[in-house]
Amino acid sequence: MEIIATTALISINETFFVQLVSFLIFLYVMNRIMFRPLLSTISQRKELISDFQKDIISGKEDLVRLGKDFDREQAKVIQEAHKVVLSLETDGDHRASDILEDARQQISELRHETETRVKDQLRKARMELAGEVEAVTLTIMEKVLHRRL
């Protein structure tokens, strides 16, 4: 029996080469089975996240653009509404003045008709009263004088 005393950490012999080859085979297998699919998944995920970020940025830009378009359209609609309100107010004022003018004319016509009717009725009443006044006067005079006239 021979006792070999070695103080070196690594001894280079045939087992070293076998361990080296088996380590290289292990690295190759690990690279094929684990690292490549993992790296491809990571790169796909990075691309997907990048696409999402681009979509988010374009969505924000679209949102800002749509907000500006909305504000512009809202301003146009408000201006048109103001114009419509003003035109309706002027039309209403014209209609109101036309209605007032028609009412004034009708009032003046009715007043003229009423005055004419009142004058006719007064004239008729005076004529009727004139005949009655004569008869009443004659009756009063006869009673006061106690004789017939």
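The values are calculated or read from the model by the stated rules, or taken from the named source; none is laboratory data. Because the structure is a prediction, the values reported are computed rather than measured. FYI the Cβ positions are ideal-geometry reconstructions off the backbone, even for glycines, and counts take in every protein chain you see. Calculation scope for accessible area: heavy atoms of the full protein, side chains included, ligands and nucleic acids excluded. Shrake-Rupley method; radii C 1.70, N 1.55, O 1.52, S 1.80 Å.
Tabulated data
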read-out: Those residues of region 94-109 which are aliphatic (A, V, I, L, M) and open to solvent by 100 Å² or more (accessible area, probe 1.4 Å), in sequence order; value: I99, I107
read-out: Evaluation of L122 against (1) modelled with pLDDT under 95; (2) assigned to a helix (DSSP H, G or I); (3) open to solvent by less than 80 Å² (accessible area, probe 1.4 Å) (one fails), failing number; value: (3)
read-out: Selected residue (only one of I56, I33, I25 is at pLDDT 95 or above, over 33 Å from the mean Cα position of the chain (by Cα) and surrounded by 10 or more Cβ atoms within 10 Å (Cβ to Cβ)); value: I25
read-out: Test result for I140, more than 58 Å from the chain's Cα centre (by Cα) and surrounded by 10 or more Cβ atoms within 10 Å (Cβ to Cβ); value: yes
